[in-house]
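Quick note: the coordinates plus some simple rules give every number you see, no bench work behind them. As the structure is a prediction and not an experimental result, all values here were calculated from the model. Every residue, glycine as well, gets a Cβ built from its backbone with ideal geometry; the counts of neighbours run over all protein chains shown.
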Amino acid sequence: MQYNPYQKYMQQSVSTMTPAQMLIALYDKAVTELKKAMIYIDEKNYAGANKSITRVEDIVDMLDSNLKVKYEISNNLAAIYDYLRRSLVQANVKKDKELVESLIPFFEELRDAYKEISRSGY
């Protein structure tokens, strides 16, 4: 196996992230993938759009599976993740750029909330 300094750097970066930093990175990645999906849809590159949307679905699944049920907000987040998951499936099936675009603010607002929480020391 060939040594890849970038991969080693990324592994070290991820392993040293706080939980809040990891959540922020996941939301950022979701936004990036949704924007890529929109471009792919415009280009009629449906395989690329499918790949990007599927990555976001995986992120939502990961976020949802790591919710702590002992916190009241977890139920609200689970409902949001369920909505996002259903919308992503619909957007992927229809290759609906407007629906994809409409999901970006959800991820941005959640990301920004976690940024604010991490700044306040929680």
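Between SER102 and GLN21, what FRET efficiency follows from the Cβ-Cβ distance if R0 is 25 Å, with the result rounded to 0.05? In this case the efficiency is close to 0.40.
Of all segments of the chain bounded by trypsin sites (Lys or Arg not before Pro) found in a DSSP loop with no more than 10 other C-beta atoms within 10 Å, the longest spans 71-122.
For region 19-71, chymotrypsin sites (Phe, Trp or Tyr not before Pro) meeting the loop criterion (DSSP other than H, G, I, E, B) and having at most 13 other Cβ atoms within 10 Å: TYR71.
Can you give me the Kirkwood hydrodynamic radius for the chain, using every pair of distinct Cα atoms, in Å to one decimal? Radius from the Kirkwood sum: 15.5 Å. Cross-link reach is defined here as a Cα-Cα straight distance under 29 Å, omitting same-chain residues fewer than 8 places apart; for LYS95 the lysines meeting it are LYS29, LYS35, LYS36, LYS44, LYS51.
Charging the Cβ of each Asp and Glu at -1 and of each Lys and Arg at +1, and nothing else, the dipole of region 19-119 about its Cα centre rounds to 220 debye.
Mean separation of Cα pairs under 8 Å and 6 or more residues apart, divided by the residue count, gives region 19-119 a relative contact order of 41 percent. Taking GluC sites (Glu not before Pro) across region 50-112, the ones in a DSSP loop with at most 15 further Cβ atoms lying within 10 angstrom of their Cβ are GLU72.
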